[in-house]
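Note sheet for the following structure.
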Amino acid sequence: MLGNMMFKPLLISSLIEHAAQYHYDTKIISKNVNGSFVETTWLDISNNAKKYANALKALNIQPSDRVATMAWNNHRHVEAWYAITGSGMVCHTINPRLFPEQLTFIINDADDKVLMFDQTFAPLIASLRTAIPHVKHFVCMSEYDATIAELMPDVKFYDDLIAAQTATFIWSKFDENTAAALCYTSGTTGNPKGVLYSHRSTVLHSFSICLPDSINLSSNEIVLPVVPMFHVNAWSIPYAAAMVGFSLVLPGPDLDGKSLVELIDQYNITVALGVPTIWQGLLAYARTSKTELKSLTRTIVGGATCPPTIISEFKERYNCETVHAWGMTETSPLGTINNLKAKHSGLSEEEKLNVRLSQGRPPFGVSIRIVDQENGIHSLRDNEQSVGHLQIQGHWIVERYFNQDKHTLTTDGWFDTGDIASIDRDGYMSLSDRAKDLIKSGGEWISSVELENIALEHPDVAMAAAIAAIHPKWDERPILIVKKKAEGQITEDGLLDFYQNKIAKWQIPDRIVFVDNIPISGTGKMVKKDLREKYRHILSL
Ligand code: AMP
């Protein structure tokens, strides 16, 4: 033998072991369902995770069994993640905002043996019980609560379970490719599909998001993951937190602008992560309050296109950088993230903003390409103008959905994201649409994202969704559904005028419809499918 290096499997338990040892007194602040705060440390989280691992063993839960959580971002939830994954079980995070039929579908599909839930969700869980007969244990993530015990007589309480155990537990050793966590896609068409993350993919993904050209995370940060732990594992922040030992502030159920501004100011948060609708809510409140968001150095925005107004308002008013990232449940989620390169330093602020608006570059470990399926051309950054189907490969990208025999890749091994995009010479990816949201007018594509971003520049517009409406001559034409700001006065003609000279005339929407509310999905995205159903015939009426 020529000699070799030690082999240690990449296991999630090594993250919490590291945090307990080297960042034992770093604080984890958590907001309870009742609004009170709990302050713990990485050592407390690790000890409780071990106690809960002992409790799961006492309940006879076996390796690879699925343990589900329906919970907000809080300290018990983080403890449970480490207990479940560290014992070789699979942590299935459930999005409580799904419809009851979708919830029963995914709980049964996952074959969950334990269902943990925050007090908020007790009535929902109680109403689902008869439809989910395989669940053996229901665990309410709180101290004893008489109302919940009455509603569900066989319920167990997390605090009682861990109080009965010791903090001595040796984390299991197994292959790093073992499944660790399960998350279902939002399933806008058909049933949701499960994506199964492995220990290896999770640890590698955590390394990646900490890198300077990614989110740039270190033990110096105080991080607020507004993105829920049931939305692609809160973008892996609870894992990265243990890896580099930063402080977490977990916001519990209150994700409105006022609650978030108060958290940022009270706990000197330096980095916050969430979808654009969260930041729109936060900025709207911040404008009316005296906050300067002094501690906040950057916000990470992903999950939907980041409107330019969010980037400029954070920068101009609060001197806070906005980092735009793209990803999906199938990609763990980091696919691309936007940070400038040295060669951009000479650009004007406006030019920099232009670069920042794209979804960013892939980190090491991920490759992306654009495929023009109509012509069968694979254009690998050879033509910046070419827009096509975005495909991806990498260490933390799905190969096969949960419970499916066939893999889900192209014949040459890439995952087709369902997004339409272009990629420039440096790898910056600009997403123009979901394939199913594209608007095709007289054979020409129109990007709904571009139309929405222009509308959002208007000071009276709170939200805007561009969709295709059926047109007798052009097949499809764009129409825009708009929610005005509370004080907004804008009229249809006024907003149509606003488009003049900003895009080609034929791309300007045919109609603007003002509504009180635009439907938002469980993960904070506009539900265009519902809007299309309602308005697609509006031009042929
Ligand atoms: P999900 O699996 O629910 O997180 O949804 C993933 C989808 O969200 C992607 O395929 C994109 O269509 C969309 N998405 C995620 N991040 C962005 C972004 N930064 N800009 C535009 N769309 C995004």
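Selection of region 319-346 for residues being out of contact with any Asp or Glu (no Cβ under 9 Å at 6 or more places or on another chain) and within 7 Å of the ligand (Cβ to nearest atom) yields His324, Ala325, Gly327, Thr329, Glu330, Pro333. Among the residues of region 110-119, just one is under 22 Å from the mean Cα position of the chain (by Cα) and either surrounded by fewer than 18 Cβ atoms within 10 Å (Cβ to Cβ) or more than 26 Å from Ala146 (Cα to Cα) (or both), namely Ala110. Please indicate, with yes or no, whether at least one residue in region 211-218 is of a type in the set (D, E, K, R) and part of a helix (DSSP H, G or I). Taking every residue of region 211-218 in turn, none turns out to be of a type in the set (D, E, K, R) and part of a helix (DSSP H, G or I).
Restricting attention to region 292-303, report how many residues are surrounded by fewer than 19 Cβ atoms within 10 Å (Cβ to Cβ) and either of a type in the set (A, V, I, L, M) or away from the ligand (no atom under 16 Å from the Cβ) (or both). If you could, list the steps in order and put the result at the bottom.
In the first step, residues of region 292-303 are kept if they are surrounded by fewer than 19 Cβ atoms within 10 Å (Cβ to Cβ); the result is 292, 294-295, 297-298.
Next, from what is left, pick out any that are either of a type in the set (A, V, I, L, M) or away from the ligand (no atom under 16 Å from the Cβ) (or both): 292, 294-295, 297.
Final tally of qualifying residues: 4.
Would you call Gly281 under 22 Å from Glu457 (Cβ atoms), within 16 Å of the ligand (Cβ to nearest atom), of a type in the set (Gly, Ala, Ser) and buried (at least 20 other Cβ atoms within 10 Å of the Cβ)? Taking the combined requirement at face value, the residue does not satisfy it. Across region 237-278, the qualifying residues are those that are of a type outside the set (Gly, Ala, Ser), more than 25 Å from Pro96 (Cβ to Cβ) and in contact with an Asp or Glu (Cβ under 9 Å, 6 or more places away or on another chain), and the one among them that is surrounded by the most Cβ atoms within 10 Å (Cβ to Cβ) is Phe246.
Go through region 219-242 and give me each residue that's in a helix (DSSP H, G or I) and within 16 Å of the ligand (Cβ to nearest atom). Spell out the reasoning first.
If we filter region 219-242 for residues that are in a helix (DSSP H, G or I), which is where we start, we get 232-242.
Those that are in a helix (DSSP H, G or I) and within 16 Å of the ligand (Cβ to nearest atom): Val232, Asn233, Ala234, Trp235, Ser236, Ile237.
Considering region 445-462, the residues that are touching a residue at least 40 places away in the same chain (Cβ under 8 Å) and more than 15 Å from the ligand (Cβ to nearest atom) include one that is nearest to Thr277 (Cα to Cα), namely Ala462. Do we have Val67 as touching a helix residue (DSSP H, G or I) at 6+ places or on another chain (Cβ under 8 Å), β-branched (Val, Ile, Thr) and surrounded by 21 or more Cβ atoms within 10 Å (Cβ to Cβ) here? Against the criterion (touching a helix residue (DSSP H, G or I) at 6+ places or on another chain (Cβ under 8 Å), β-branched (Val, Ile, Thr) and surrounded by 21 or more Cβ atoms within 10 Å (Cβ to Cβ)), Val67 qualifies. The residues in region 472-493 that are touching a Leu at 6+ places or on another chain (Cβ under 7 Å) and either at pLDDT below 90 or outside the structural domain of Val527 (by TED's automatic domain parsing) (or both) can be counted, and the count is 0.
Restricting the search to strands (runs of 3 or more DSSP E) fully inside region 384-493 and requiring at least 3 residues that are under 26 Å from Trp506 (Cβ atoms) and more than 20 Å from the chain's Cα centre (by Cα) gives 439-441, 444-446, 461-471, 475-484.
Where strands (runs of 3 or more DSSP E) fall wholly inside region 1-106, the ranges with 2 or more residues that are among the aliphatic types (A, V, I, L, M) are 27-31, 66-70.
Here is the figure for region 329-370: residues that are without any contact (Cβ under 8 Å) to a residue 12 or more places away in the chain and of a type in the set (Gly, Ala, Ser) total 4.
Condition check ((1) at pLDDT below 95; (2) touching a strand residue (DSSP E or B) at 6+ places or on another chain (Cβ under 6 Å)) across all residues:
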| site | (1), (2) |
| --- | --- |
| Phe157 | no, yes |
| Ala164 | no, no |
| Ala167 | no, no |
| Lys173 | no, no |
| Glu176 | no, no |
| Ala181 | no, yes |
| Thr185 | yes, no |
| Thr189 | yes, no |
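Of all residues assigned to region 426-444, at least one qualifies as being away from the ligand (no atom under 16 Å from the Cβ) and over 29 Å from Lys473 (Cα atoms).
The values are calculated or read from the model by the stated rules, or taken from the named source; none is laboratory data. From a predicted model like this one, the values you see are computed outputs, not experimental measurements. Note: ideal-geometry Cβ built from the backbone for every residue, glycine included; neighbour counts use all protein chains shown.
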